[in-house]
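Heads up: the structure comes next, in C-alpha coordinates.
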Amino acid sequence: MANIKSAKKRILVNRTKAEHNKSIRSAVKTSIKKVEAAVAKNDKEAAVNALGAATATISKAASKGVYHKNNAARKVSRLAKAVNGLK
(Lines give C-alpha, C1' and ligand atoms only; values in the text may rest on other atoms or scores of the structure.)
Protein backbone atom coordinates (compact mmCIF):
# COMPACT_ATOMS: atom_id res chain seq x y z
CA MET A 1 0.00 0.00 0.00
CA ALA A 2 1.18 3.49 -0.79
CA ASN A 3 2.32 5.85 1.97
CA ILE A 4 1.97 9.15 0.12
CA LYS A 5 -1.46 10.78 0.25
CA SER A 6 -1.63 11.50 -3.49
CA ALA A 7 -0.66 7.91 -4.29
CA LYS A 8 -3.42 6.62 -2.00
CA LYS A 9 -5.92 8.85 -3.78
CA ARG A 10 -4.72 7.61 -7.18
CA ILE A 11 -5.33 4.03 -6.07
CA LEU A 12 -8.89 4.87 -5.00
CA VAL A 13 -9.66 6.87 -8.14
CA ASN A 14 -8.23 4.19 -10.42
CA ARG A 15 -10.30 1.52 -8.65
CA THR A 16 -13.47 3.59 -9.12
CA LYS A 17 -12.73 4.21 -12.80
CA ALA A 18 -11.94 0.53 -13.37
CA GLU A 19 -15.32 -0.48 -11.90
CA HIS A 20 -17.10 2.10 -14.06
CA ASN A 21 -15.31 0.91 -17.22
CA LYS A 22 -16.09 -2.70 -16.33
CA SER A 23 -19.82 -1.96 -16.16
CA ILE A 24 -19.69 -0.19 -19.54
CA ARG A 25 -17.79 -3.11 -21.12
CA SER A 26 -20.36 -5.50 -19.68
CA ALA A 27 -23.20 -3.49 -21.23
CA VAL A 28 -21.44 -3.56 -24.60
CA LYS A 29 -20.94 -7.32 -24.41
CA THR A 30 -24.59 -7.82 -23.51
CA SER A 31 -25.78 -5.72 -26.44
CA ILE A 32 -23.49 -7.64 -28.81
CA LYS A 33 -24.85 -10.94 -27.52
CA LYS A 34 -28.41 -9.74 -28.17
CA VAL A 35 -27.56 -8.98 -31.80
CA GLU A 36 -25.79 -12.31 -32.24
CA ALA A 37 -28.74 -14.18 -30.70
CA ALA A 38 -31.17 -12.48 -33.10
CA VAL A 39 -28.89 -13.32 -36.04
CA ALA A 40 -28.69 -16.94 -34.89
CA LYS A 41 -32.51 -17.10 -34.84
CA ASN A 42 -32.67 -15.54 -38.33
CA ASP A 43 -34.93 -12.79 -36.93
CA LYS A 44 -34.10 -9.82 -39.17
CA GLU A 45 -36.37 -7.31 -37.42
CA ALA A 46 -35.09 -8.09 -33.93
CA ALA A 47 -31.51 -8.10 -35.22
CA VAL A 48 -31.90 -4.64 -36.78
CA ASN A 49 -33.39 -3.24 -33.56
CA ALA A 50 -30.68 -4.85 -31.44
CA LEU A 51 -28.03 -3.55 -33.86
CA GLY A 52 -29.23 0.02 -33.38
CA ALA A 53 -29.06 -0.32 -29.61
CA ALA A 54 -25.67 -2.03 -29.74
CA THR A 55 -24.24 0.62 -32.05
CA ALA A 56 -25.34 3.36 -29.66
CA THR A 57 -23.86 1.54 -26.67
CA ILE A 58 -20.56 0.88 -28.43
CA SER A 59 -20.28 4.46 -29.72
CA LYS A 60 -20.94 5.86 -26.27
CA ALA A 61 -18.27 3.58 -24.79
CA ALA A 62 -15.78 4.75 -27.43
CA SER A 63 -16.58 8.41 -26.79
CA LYS A 64 -15.96 7.90 -23.06
CA GLY A 65 -12.58 6.33 -23.80
CA VAL A 66 -13.48 2.82 -22.65
CA TYR A 67 -12.79 1.45 -26.14
CA HIS A 68 -10.45 2.80 -28.81
CA LYS A 69 -12.38 4.25 -31.74
CA ASN A 70 -11.02 1.65 -34.17
CA ASN A 71 -11.96 -1.17 -31.80
CA ALA A 72 -15.49 0.23 -31.56
CA ALA A 73 -15.71 0.65 -35.33
CA ARG A 74 -14.59 -2.96 -35.81
CA LYS A 75 -17.24 -4.25 -33.41
CA VAL A 76 -20.00 -2.23 -35.12
CA SER A 77 -18.81 -3.32 -38.56
CA ARG A 78 -18.84 -7.01 -37.67
CA LEU A 79 -22.33 -6.77 -36.20
CA ALA A 80 -23.65 -4.83 -39.20
CA LYS A 81 -22.13 -7.36 -41.58
CA ALA A 82 -23.81 -10.21 -39.70
CA VAL A 83 -27.20 -8.44 -39.71
CA ASN A 84 -26.94 -7.47 -43.38
CA GLY A 85 -26.19 -11.09 -44.23
CA LEU A 86 -29.69 -12.09 -43.10
CA LYS A 87 -32.41 -12.54 -45.70
Completion exercise
Checked pairs for segment 76-87, first exposed (fewer than 10 other Cβ atoms within 10 Å of the Cβ), second among the acidic types (D, E), C-beta under 7 Å and 6 or more apart or across chains, list as none
Handout entry: Residue tally, condition surrounded by fewer than 18 Cβ atoms within 10 Å (Cβ to Cβ) and within 27 Å of E19 (Cα to Cα), over segment 38-56
Key = 4
Problem - Residues within segment 30-47 that are of a type in the set (D, E) and part of a loop (DSSP other than H, G, I, E, B), tallied - result: 1
Practice task
Answer yes or no: is there a residue in segment 12-21 that is open to solvent by 40 Å² or more (accessible area, probe 1.4 Å) and modelled with pLDDT under 95.
Solution key: no
Problem - Scope segment 57-75; condition surrounded by 15 or more Cβ atoms within 10 Å (Cβ to Cβ) and among the basic types (K, R); matching residues - result: K60, K75
Handout entry: Some residue of segment 23-39 being under 30 Å from M1 (Cα atoms) and not small (G, A, S)
Key = yes
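The values are calculated or read from the model by the stated rules, or taken from the named source; none is laboratory data. This one's a predicted model, so the numbers in the text were calculated from it and none came from an experiment. Backbone-built Cβ (ideal geometry, glycine too); neighbour counts: all protein chains shown. Ligands, DNA and RNA are excluded from the accessible area calculation, which covers all protein heavy atoms including side chains. Shrake-Rupley method; radii C 1.70, N 1.55, O 1.52, S 1.80 Å.
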